[in-house]
Number of protein chains: 2
Amino acid sequence: MGDPLRVLPAGTSRPDLKEPEPRRALRGRAADCYHPRPGEHQEAGIKGMRVKRPTSFDIAELAGVSQSTVSRALRNDAMVSEDTRQRVAQAARLLNYKVDVNARNLRSQKTNTLALLLYEDPVTSQSLINPFFLSMLSSITKASARRGYDLLISFQQSSDDWSADYAASKRADGLIFLGYGDYLRYVDKISRLDEVSTAFVTWGPVVPGQPGHFIGSDNVHGAREGVRHLIARGRRRIAFLGDISEHCPEFRDRYRGYVEALGEAGLPVIEALYADAAASEEVGHQAILDLIDREGPIDAVFGACDLLAIGAMNGLRERSLRVPEDVAVVGFDDIVAAPFTSPPLTTLRQDTAAAGELLVENLLRLIEGRPIETTQIATSLVVRGSCGGL
Amino acid sequence: MGDPLRVLPAGTSRPDLKEPEPRRALRGRAADCYHPRPGEHQEAGIKGMRVKRPTSFDIAELAGVSQSTVSRALRNDAMVSEDTRQRVAQAARLLNYKVDVNARNLRSQKTNTLALLLYEDPVTSQSLINPFFLSMLSSITKASARRGYDLLISFQQSSDDWSADYAASKRADGLIFLGYGDYLRYVDKISRLDEVSTAFVTWGPVVPGQPGHFIGSDNVHGAREGVRHLIARGRRRIAFLGDISEHCPEFRDRYRGYVEALGEAGLPVIEALYADAAASEEVGHQAILDLIDREGPIDAVFGACDLLAIGAMNGLRERSLRVPEDVAVVGFDDIVAAPFTSPPLTTLRQDTAAAGELLVENLLRLIEGRPIETTQIATSLVVRGSCGGL
DNA sequence: AACACTTCTGAAACCAGTTTCAATGCATAT
DNA sequence: ATATGCATTGAAACTGGTTTCAGAAGTGTT
């Protein structure tokens with residue numbers, strides 16, 4: 001088969017250019033100094049001898065078309081004949097051509113990149129070691145990759161190093177906020193994003209008045225299911241562990257679910273069985289000790305997160321109370337450690353795969369101006385040993 | 001105080017430009033259609049009415065200098081007077097100017113971005129839920145942020161979706177590879193990176209012949225320390241759990257440490273006390289059962305990773321063997337679950353903070369052509385309950 | 001006073017693509 | 001045969017910075 005790349009289409013080699021054409025001439029020179037062959041990268045390692053990357057002009061020359069046609073062909077623009085597209089594709093493959101995303105982004109005013117801002121809890125610094133975020137991360141990465149988007153990631157430590165600049169400096173088309181518990185401290189900055197019309201989504205509880213951007217698990221429903229499960233197994237004095245101040249809107253929702261489940265069953269909500277506790281093992285440990293010493297026997301604990309539930313189990317063991325015989329325990333999150341505790345922890349799994357998918361989906365909807373439909377993710381009860389059998 | 005921005009320096013308003021100057025004229029127009037005032041973002045939300053971002057030309061006009069001077073001033077280029085720098089900075093602040101990184105990258109041929117490629121173990125898919133990687137991720141992010149680099153992240157699932165294109169398409173200046181256990185399957189592709197002179201570093205065991213790029217914990221030393229600790233507590237029949245085939249070079253190194261510690265103490269290496277096991281709780285569980293049933297009593301287990309050690313503890317409990325009284329257990333990694341097992345797991349902590357720092361540091365050294373010095377990170381023994389007291 | 005040497009600045013080239021616009025060729029409608 | 005329409009294509013404008021180059025202003029030397 002003859003080389004189709006050498007067959008120049010009629011009308012291409014027009015000889016009627018007489019004037020110097022300074023701009024074009026300079027651009028064209030790039031092509032002249034590039035002599036690539038597949039597999040001849042030997043000099044690449046030699047310092048300062050780096051071979052020049054091929055540009056779309058090189059592809060154009062090789063394929064016998066104009067540079068703009070190369071651009072169209074490689075983007076599968078509609079207005080290119082199948083024959084041309086093939087020739088360009090082959091030339092690009094031959095020279096091992098890769099678009100320069102900076103040039104592309106500059107002109108098209110699009111980056112095809114999302115930025116993920118991960119906020120640490122400045123108090124506990126727990127969010128970073130919370131495996132929950134690794135699976136969120138994984139699913140977000142995959143969801144954006146599947147849609148052809150790159151993902152920039154940034155761990156935010158204080159509210160000072162604010163990274164809305166990711167959008168302002170055209171590094172990313174949209175932002176994803178992720179954080180555990182108290183993220184309201186940066187919401188004031190988030191609201192400013194609306195003013196500069198920067199697309200963003202946030203993981204966490206739905207904030208009233210801005211439903212579209214805020215995506216989270218159905219915490220109320222999940223907690224209700226967990227507490228129902230305890231009640232169905234005959235537990236009556238069920239303690240709730242978790243900070244329900246405005247710092248932890250998610251925990252507050254889970255407390256609502258707890259209250260609702262009790263109400264359904266006609267059980268009283270005993271104020272004294274609530275223990276304020278930040279999300280960490282140590283805090284949960286101490287909180288349950290205080291609660292038992294103060295209020296006497298309980299027969300179950302609902303932890304607003306797994307770390308609290310695990311801390312509670314350790315505290316119970318310290319008071320020689322057996323889990324689940326004496327006290328049943330249910331957590332929330334289903335972190336990796338959950339199946340490894342003894343007994344294994346019954347908990348409400350947050351569907352991180354669906355969550356990541358929804359965050360990205362909704363962010364792209366915002367970017368493209370399409371309407372948002374779903375904003376909540378269902379949780380599922382994972383029954384293990386700590387709640388007293390199936 | 002008068003507005004310094006209006007004081008044009010002499011010689012700036014030169015009136016001797018008569019010719020049309022097509023290029024400049026078009027560029028200048030951008031400045032004319034932008035009328036910003038701090039806090040007047042009202043129209044920003046209205047569709048299609050988006051206010052045009054300020055460019056460096058706008059800053060130049062406001063500051064009464066040329067656009068190239070603006071560029072220099074904002075980058076703290078040496079060749080700008082303090083007075084000019086101040087004026088430019090003030091103008092930029094006033095218009096809330098942010099550089100367009102795409103334009104910057106395009107011209108400077110630098111992205112100020114690193115790409116992190118996280119590989120899943122296709123067999124166990126464990127690496128994603130392994131909290132070890134979250135802390136690696138966190139430290140890598142922080143290390144690159146500290147140096148002014150953005151971080152692109154990508155979870156690689158199969159060896160097919162190869163992302164050297166991150167560098168080829170000028171998205172990133174360098175690559176960081178992260179993966180658990182068997183990553184040799186993509187090393188053939190990694191070696192190709194050298195050919196195209198793409199800077200990269202890899203987390204894992206040092207691969208002979210390419211010392212500079214490969215960074216990892218001192219696995220031999222760490223394992224030796226752990227096994228020494230067991231020996232010092234009187235243990236003699238110490239099992240080793242872990243796959244030491246070429247698929248897991250790290251485990252292989254840890255096995256070497258195990259053998260060395262035994263040798264130092266004059267203990268024989270009993271072939272039968274080695275159990276091949278991939279990195280997961282289930283596999284460790286089964287492996288220890290088989291080993292006990294086959295070889296009879298042991299008094300200690302060294303797990304090549306924490307998940308294996310945890311699995312082993314569960315298996316031992318199933319055979320009614322007490323940890324640490326009957327069998328002492330030591331793991332490797334120090335994952336978050338480690339302190340929550342019962343008894344809490346003694347293990348070798350990998351210093352992820354130092355590791356992330358070193359990966360980024362070395363990658364930048366490669367990018368800038370500076371020599372690399374360190375390639376190994378020390379581990380530290382974390383003594384908890386599972387090894388039989390301090 | 002003439003000269004060299006910095007230090008600072010502006011004009012224009014440059015990076016490598018996308019997008020606009022006008023032109024071409026060809027098929028179909030009149 | 002001519003007008004109309006459409007699919008393709010190329011030339012040139014355009015994106016918003018950085019970098020080169022040359023010139024101006026100011027200082028020090030002889």
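The values are calculated or read from the model by the stated rules, or taken from the named source; none is laboratory data. Fair warning: this is a prediction, and the values are worked out from it, not measured in the lab. Neighbour counts run over all protein chains shown; Cβ positions are idealised from the backbone, glycine included. Heavy atoms of the whole protein, side chains included, go into the accessibility calculation; ligands, DNA and RNA do not. Shrake-Rupley method; radii C 1.70, N 1.55, O 1.52, S 1.80 Å.
Does B:Arg104 satisfy the condition of being at pLDDT 95 or above, open to solvent by 20 Å² or more (accessible area, probe 1.4 Å), within 16 Å of DNA strand C (Cβ to nearest atom) and out of contact with any helix residue (DSSP H, G or I) (no Cβ under 7 Å at 6 or more places or on another chain)? For B:Arg104, the condition - at pLDDT 95 or above, open to solvent by 20 Å² or more (accessible area, probe 1.4 Å), within 16 Å of DNA strand C (Cβ to nearest atom) and out of contact with any helix residue (DSSP H, G or I) (no Cβ under 7 Å at 6 or more places or on another chain) - is met.
When the stretch A:69-120 is examined, which residues are found to be of a type in the set (Asp, Glu) and either under 30 Å from A:Tyr166 (Cβ atoms) or more than 14 Å from DNA strand D (Cβ to nearest atom) (or both)?
Restricting attention to the stretch A:69-120, the residues satisfying the condition of being of a type in the set (Asp, Glu) are A:77, A:82-83, A:100, A:120.
Passing the criteria: A:Asp77, A:Asp100, A:Glu120.
A single member of B:Lys47, B:Lys52 is at pLDDT below 90, within 14 Å of chain A (Cβ to nearest Cβ), open to solvent by 80 Å² or more (accessible area, probe 1.4 Å) and more than 8 Å from DNA strand D (Cβ to nearest atom), and it is B:Lys47.
If you check B:Leu289, B:Leu273, B:Leu316, which single one turns out to be free of Cβ contacts under 8 Å to residues at least 40 places away in the same chain and under 17 Å from B:Arg224 (Cα atoms)? One residue alone meets the criteria, B:Leu273.
Looking at (1) closer than 19 Å to B:Val382 by Cβ; (2) away from every other protein chain (no Cβ under 14 Å), which is the only condition B:Cys305 fails? For B:Cys305, the exception is condition (2).
Residue pairs whose Cβ atoms lie under 6 Å apart, sitting 6 or more positions apart in sequence or on different chains, and linking a residue in the stretch B:69-97 that is in contact (Cβ under 8 Å) with a residue 24 or more places away in the chain to a partner that is more than 9 Å from DNA strand C (Cβ to nearest atom) and not in a helix (DSSP H, G or I), are B:Leu95/B:Pro36; B:Leu95/B:Pro54; B:Tyr97/B:Pro54.
This table checks each residue for (1) modelled with pLDDT under 80; (2) in the same structural domain as A:Glu282 (by TED's automatic domain parsing); (3) buried (at least 23 other Cβ atoms within 10 Å of the Cβ); (4) of a type in the set (Lys, Arg).
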residue	(1), (2), (3), (4)
A:Pro131	yes, no, yes, no
A:Lys142	no, no, no, yes
A:Ala145	no, no, no, no
A:Tyr149	no, no, no, no
A:Lys170	no, no, no, yes
A:Ile176	no, no, yes, no
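Taking residues in the stretch B:137-154 that are more than 9 Å from chain A (Cβ to nearest Cβ) and touching a residue at least 40 places away in the same chain (Cβ under 8 Å), and partners anywhere that are part of a strand (DSSP E or B) and among the polar types (S, T, N, Q), the pairs with Cβ atoms closer than 8 Å and at least 6 places apart or on different chains are B:Tyr149/B:Thr113.
Flag not set for A:Glu325, criterion: farther than 22 Å from B:Glu281 by Cβ and at pLDDT below 90.
If we scan the stretch A:31-38, do we find a residue that is within 14 Å of chain B (Cβ to nearest Cβ), at pLDDT below 50 and touching a Pro at 6+ places or on another chain (Cβ under 7 Å)? Don't jump to the end; show me each part of the working.
Initially, the stretch A:31-38 is screened for residues within 14 Å of chain B (Cβ to nearest Cβ), giving A:36-38.
Right, trim to at pLDDT below 50 and you get A:36-38.
Of the ones still in play, those that are also touching a Pro at 6+ places or on another chain (Cβ under 7 Å) are A:36.
Within the stretch A:31-38, one or more residues are within 14 Å of chain B (Cβ to nearest Cβ), at pLDDT below 50 and touching a Pro at 6+ places or on another chain (Cβ under 7 Å).
Flag: B:Asn112 does not match the condition of being at pLDDT 80 or above, of a type in the set (S, T, N, Q), under 30 Å from A:Ile140 (Cβ atoms) and within 12 Å of DNA strand C (Cβ to nearest atom).
A:Arg233 meets all of the listed conditions (1) surrounded by fewer than 20 Cβ atoms within 10 Å (Cβ to Cβ); (2) in contact with a Lys or Arg (Cβ under 9 Å, 6 or more places away or on another chain) but one, namely (2).
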